[in-house]
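Chemist: Take this structure first; my questions come after.
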Amino acid sequence: MNKDQFVELLNKKLFYLVDNEREKEVNKYISAIDNYVNMGQDEAFVINNFGNIDDLVTAIYLSHGLDYKKLLDKSYDDSNYDKGAFKNFISLLTSKNNKASRNAIFYVVYIFLLVILLKVFFIFVRDIGSQIFADMFKNKSFDKYYTLGFEIAYYLVAIMVFVFMFKKKFGNKKQ
């Protein structure tokens, strides 16, 4: 097996890791292969010395606090992107890697802060509209519907932003 084949296979088998964690792990092995090849070792020999690919992948998952055999259990439906993102998030929270857990929590807090800032924008636009259409707002029912419309629009946009960013960060991308 050459380096390109090894990297492709490793990427596929590390499917359940979050993108940046998978890239870090794969890059470790790319660097190791490159270092040994630069020292005169044969590429195939170096890759064979890593051992069985499944044992290697199991060790990588264990270092992230995940059980590879449970991940391979097909009773878990990984075709649902949302479930995959949520499961990845939960896996990060419960992993032994404290840094990954902290980063996952901070990212969710970051998303919430963005959603709050989005609320400020909607309030600003609503108030500008109120000033522009002040004559129409003399009718109290129109004012209530106008405000309600902005609230509904905000909640829809906020949910879409949260889901999009959550899926982008924690969702699995099939190779």
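The values are calculated or read from the model by the stated rules, or taken from the named source; none is laboratory data. This is a predicted model, so every value here is computed, not measured. Backbone-built Cβ (ideal geometry, glycine too); neighbour counts: all protein chains shown.
Chemist: For region 23-61, which positions are among the aromatic types (Phe, Trp, Tyr), within 16 Å of ASP4 (Cα to Cα) and either in contact with a Pro (Cβ under 7 Å, 6 or more places away or on another chain) or surrounded by 13 or more Cβ atoms within 10 Å (Cβ to Cβ) (or both)?
Modeler: Hits for region 23-61 are TYR29, TYR36, PHE50.
Chemist: Considering only region 151-161, I want to know if a residue exists there that is surrounded by 13 or more Cβ atoms within 10 Å (Cβ to Cβ) and under 14 Å from the mean Cα position of the chain (by Cα).
Modeler: Among the residues of region 151-161, at least one is surrounded by 13 or more Cβ atoms within 10 Å (Cβ to Cβ) and under 14 Å from the mean Cα position of the chain (by Cα), which makes the answer yes.
Chemist: Which residues, counting only those in region 88-104, are closer than 17 Å to MET165 by Cβ, of a type outside the set (Phe, Trp, Tyr) and touching a residue at least 40 places away in the same chain (Cβ under 8 Å)?
Modeler: Once the filter is applied, which keeps residues that are closer than 17 Å to MET165 by Cβ, of a type outside the set (Phe, Trp, Tyr) and touching a residue at least 40 places away in the same chain (Cβ under 8 Å), region 88-104 yields ASN88, LEU92, ALA104.
Chemist: Just checking, does region 90-108 include any residue being more than 24 Å from the chain's Cα centre (by Cα) and at pLDDT 85 or above?
Modeler: no
Chemist: Another question about this same structure. Taking the criterion of being touching a Lys or Arg at 6+ places or on another chain (Cβ under 7 Å), part of a helix (DSSP H, G or I) and either among the hydrophobic types (A, V, I, L, M, F, W, C) or at pLDDT below 90 (or both), would at least one residue in region 34-43 satisfy it?
Modeler: no
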